[in-house]
Amino acid sequence: MAYYIFDFKDVYVNSRYIRLRYIKTSPKNIKLTHIKSTVPASGKLGVNAGFFDDASQGVQSICIQNSSCVLGGGSSDFATGYYNNNSSGGHISKGTLVWDDAWRTYRLQVIENAGQLIIGNPDNYWAQGGFSMHLQSDTSWQNMLSSGKESVNDHAPNTNYNRTGLLYGNSLNIYLVISETTCTADEFRTACKYIDTNNGLQGIFLDGATATQMNVPASGYSWTSGSSRKLPAMIEVVHNVDL
């Protein structure tokens, strides 16, 4: 049986087609992995993780697995994956997707640091920060845009960029999604709704633009937005549990 599905979806948004590529798998197969390369150059199956700083290669989004930050360290270390940070160098509450394996549930928590996580077993979970999509509430999405909450303006919602998202639904599977087509955050959000219209999808945006990267070695597919931008972290799919 398959432990992941690799597929695409063409969605018509604002009078043009947006091509999405996605990997569907079990949350048990997710590993938040430290890399020092592009996702394709890593040779691993998956997509880019959250926001980061190019110069320092520090992680600016929560990125933790089993209580370990993706770059090591802990609460005293600014950019290892313990905090959600904004572009000004401060901490800020942002949408953070948590898979709690002990309770077999997702939580989308708007939090500033990993100390605020609600989990059943600190040795069996992962948490990835980004910012919220509000896929089931257009009103909540518009309110977030207008209020500037979750530092969404840092991520240029009205600019055409390649985009990356991390989605989940009622089936408990996880979807790692990129847009090969440049689009606004609003357009990407709209397109993501159509990946599985009967599954009550929710999710978060990850880093985008030249950080949007995907690699599916068995299919011979690798994609970046024309950039060789090195990343400190990726969301890797490991062969562990069948769909």
As an exercise, take the mean of 1/r over every pair of distinct alpha carbons in segment 106-243, invert it, and state the Kirkwood radius in angstroms. 16.2 Å
Most fluctuating residue given options 160, 199, 143, as computed from a GNM of the chain linking Cα atoms under 10 Å: 143
Most mobile of 32, 108, 117 per a Gaussian network model of the chain (Cα springs, under 10 Å)? 117
Residue-wise, which Karplus ³J(HN,Hα) couplings in Hz belong to segment 165-176, taking 6.51 cos²θ - 1.76 cosθ + 1.60, θ = phi - 60°, and x for glycine or proline? x, 10, 10, 9, x, 5, 6, 6, 5, 10, 10, 9
About its Cα centre, how strong a charge dipole does segment 1-85 have in debye, to the nearest 20, once Lys and Arg get +1 and Asp and Glu get -1 at the Cβ? 400 debye
Mean Cα-pair separation over length for segment 58-133, i.e. relative contact order, pairs under 8 Å, 6 or more apart, %: 35 percent
Dividing the mean separation of Cα pairs under 8 Å (6+ apart) by the residue count of segment 139-180 yields a relative contact order in percent of 27 percent
At a 1.4 Å probe, what is the % contribution of carbon and sulfur to the accessible area of the chain? 44 percent
Please state the relative contact order of segment 158-243 as a whole percent: Cα pairs under 8 Å, 6+ residues apart? 30 percent
Positive end of the charge dipole of segment 84-215 (Lys, Arg +1 and Asp, Glu -1 on Cβ, about the Cα centre): tell me which of 195, 85, 129 has its Cα farthest that way. 195
Using θ = phi - 60° and the Karplus curve 6.51 cos²θ - 1.76 cosθ + 1.60, what whole-Hz ³J(HN,Hα) does each residue of segment 179-192 get, with Gly and Pro shown as x? 9, 6, 8, 5, 7, 6, 4, 5, 5, 5, 4, 4, 4, 4
Would you pull out the residues with amide H under 5 Å of residue 233's amide H, same chain only if 5 or more places away, H placed 1.01 Å from N? 35, 49
Return the calculated 222 nm mean residue ellipticity for the chain, to the nearest 500 deg cm²/dmol, obtained by summing -39500 (n - 2.57) across DSSP H runs with n ≥ 4 and dividing by the residue count. -2500 deg cm²/dmol
Which of 115, 46, 203 fluctuates most in a GNM of the chain (C-alpha springs under 10 Å)? That residue is 115
In nm, what is the difference between 0.36 nm times the number of residues separating residue 160 and residue 67 and their Cα-Cα distance? 29.9 nm
Got a sec to turn the phi values of segment 203-211 into Karplus ³J(HN,Hα) couplings, 6.51 cos²θ - 1.76 cosθ + 1.60 with θ = phi - 60°, whole Hz, x for Gly and Pro? x, 9, 7, 9, 5, x, 6, 6, 8
Taking square-rooted eigenvalues a ≥ b ≥ c of the alpha carbon gyration tensor, is segment 61-111 rounded, prolate or oblate, where a/c under 1.5 means rounded and, failing that, a/b exceeding b/c means prolate? oblate
Here, residue 57 and residue 9, labelled 7 Å along Cα→Cβ, have an inter-label distance in nm of 3.5 nm
Which of [x] 8; [y] 21; [z] 17 is the computed percent of Cα pairs over 33 Å apart? It is [x]
Find the accessible area per residue for the chain; the probe is 1.4 Å, ligands and nucleic acids are left out, and the unit is Å². 41 Å²
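The values are calculated or read from the model by the stated rules, or taken from the named source; none is laboratory data. Note that the structure is predicted; figures quoted are calculated from it, not measured. We place every Cβ from the backbone using ideal geometry, glycine too, and count neighbours over all the protein chains shown. Keep in mind that these areas ignore ligands, DNA and RNA; they rest on the heavy atoms of the full protein, side chains included. Shrake-Rupley method; radii C 1.70, N 1.55, O 1.52, S 1.80 Å.
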